[in-house]
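The values are calculated or read from the model by the stated rules, or taken from the named source; none is laboratory data. Given the structure is predicted, the values throughout are model-derived calculations rather than measurements. Because the Cβ atoms are built from the backbone with ideal geometry, glycine has one as well, and the counts that use them run over all protein chains shown.
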Amino acid sequence: MEEPLASRRVLTPALLLAPMILLLVIFLIVPTFGLLRASFLSESHLLDGSGFSLKQYIRFFSDSYYASVLFETFVDGIIVSLVCLAIGFPTGYSLARLSPLARRWRIIIVIMPLTLSLVVIVFGWLIILGRNGVINALLLSSGIASSPKQLLFSRPAVITVLVQQFLPFMILSVMSVVTQIDPVLEHAAANLRANRFATFRKVVIPLALPGIFAGFNLVFVLSISAFITPRLIGGNRVAMLGSLIYERIMAELNWPSGAAMAFILLVSGLGVTAALNALAASRLVTKGGRYAR
């Protein structure tokens, strides 16, 4: 009786996971390998190429323009992540310390932008930042500016819109971890005559680091892979690798070049994320060992 029961315990989860695994294999893994194969074609179209070649990768790394776009993409991703952290951590902490009822309604406000279409959000920002938009109207009516300012098609505008889009992910990541931190620990630090800043720095932040790392990585990956926002808000003046990949594949139908760019972005993004996590983990281990001594 024990063997059939044990086999049933193994078989039941496998059967429940089978549809999800099948969907991932068909719609994610197989197309990913197909895109990887396309990146090693020497021609500019899928039907014209055959064999195996590093021509697309060599072309990318031999052109300083693409290297600068890749660097600026990562810089923008780090800036967006830091701004989201600066805004999202206090917000997530305050939400975590509210009562469940009050927190529920505020969470609805936080996640409401995620329910809207990204295209709708971007076109809303086009209206806000346009020459005849809301901000320019306020500047002109208040006398701060004598003529409309060029707010669109700039890197600050792209960063602002990306922060608005991905800020909920940081807030929710921080809040989910802070809710598990017992407020008694903060009260104990206060009883030991630690001020609010010391308590926040030595108690709350170290315990909330998993949420900070998760939110930072999530916002960073979403930022460097964005293509609609840089394309519409930044235009031709702001180049990010995601928008270049979209243009190369959808406008020029150059799948091998776009596929090579996509995998360069994927591998380099994973490398930067792994390096940041390793650096943060080493700092955490160093501090933990110092506190233990």
>> I'm trying to understand the selection: among the residues of the stretch 209-245, which are among the aromatic types (F, W, Y), more than 24 Å from Q150 (Cβ to Cβ) and surrounded by fewer than 22 Cβ atoms within 10 Å (Cβ to Cβ)?
In response: F213
> Does A145 fit the bill of being part of a helix (DSSP H, G or I), more than 28 Å from the chain's Cα centre (by Cα) and without any contact (Cβ under 8 Å) to a residue 12 or more places away in the chain?
Replying inline: no
> So which of L276, L185, L266, L232 is under 20 Å from C84 (Cα atoms), of a type in the set (A, V, I, L, M) and out of contact with any Lys or Arg (no Cβ under 7 Å at 6 or more places or on another chain)?
Replying inline: L276
> Which of the residues spanning the stretch 88-105 are more than 12 Å from G215 (Cα to Cα) and assigned to a helix (DSSP H, G or I)?
Replying inline: P90, T91, Y93, S94, L95, A96, P100, L101, A102, R103, R104, W105
>> Please determine whether any residue of the stretch 155-163 is assigned to a helix (DSSP H, G or I), of a type in the set (K, R) and under 19 Å from the mean Cα position of the chain (by Cα).
In response: yes
> Taking into account only those residues within the stretch 116-175 that are of a type in the set (S, T, Y) and under 24 Å from F227 (Cα atoms), which is surrounded by the most Cβ atoms within 10 Å (Cβ to Cβ)?
Replying inline: S173
> Failed condition for D48, given (1) of a type outside the set (G, A, S); (2) surrounded by 11 or more Cβ atoms within 10 Å (Cβ to Cβ); (3) at pLDDT below 90, with all others met?
Replying inline: (2)
>> I'd like to check something: does the stretch 108-116 contain any residue that is assigned to a helix (DSSP H, G or I), over 25 Å from L222 (Cα atoms), out of contact with any Ser or Thr (no Cβ under 7 Å at 6 or more places or on another chain) and of a type outside the set (G, A, S)?
In response: no
>> Tell me whether the stretch 66-78 contains one or more residues that are of a type in the set (D, E, K, R), closer than 30 Å to W255 by Cα, surrounded by 15 or more Cβ atoms within 10 Å (Cβ to Cβ) and in contact (Cβ under 8 Å) with a residue 24 or more places away in the chain.
In response: yes
> For I26, all conditions in the list (1) more than 18 Å from L172 (Cβ to Cβ); (2) surrounded by 11 or more Cβ atoms within 10 Å (Cβ to Cβ); (3) hydrophobic (A, V, I, L, M, F, W, C) hold save one; what is the number of the exception?
Replying inline: (2)
> Hey, among L35, L5, which residue is modelled with pLDDT under 90, out of contact with any Gly (no Cβ under 8 Å at 6 or more places or on another chain), within 30 Å of R155 (Cβ to Cβ) and not polar (S, T, N, Q)?
Replying inline: L35
> Given the conditions (1) under 21 Å from S154 (Cβ atoms); (2) outside any helix (DSSP H, G or I), and given that T229 satisfies all but one, which numbered condition is not satisfied?
Replying inline: (2)
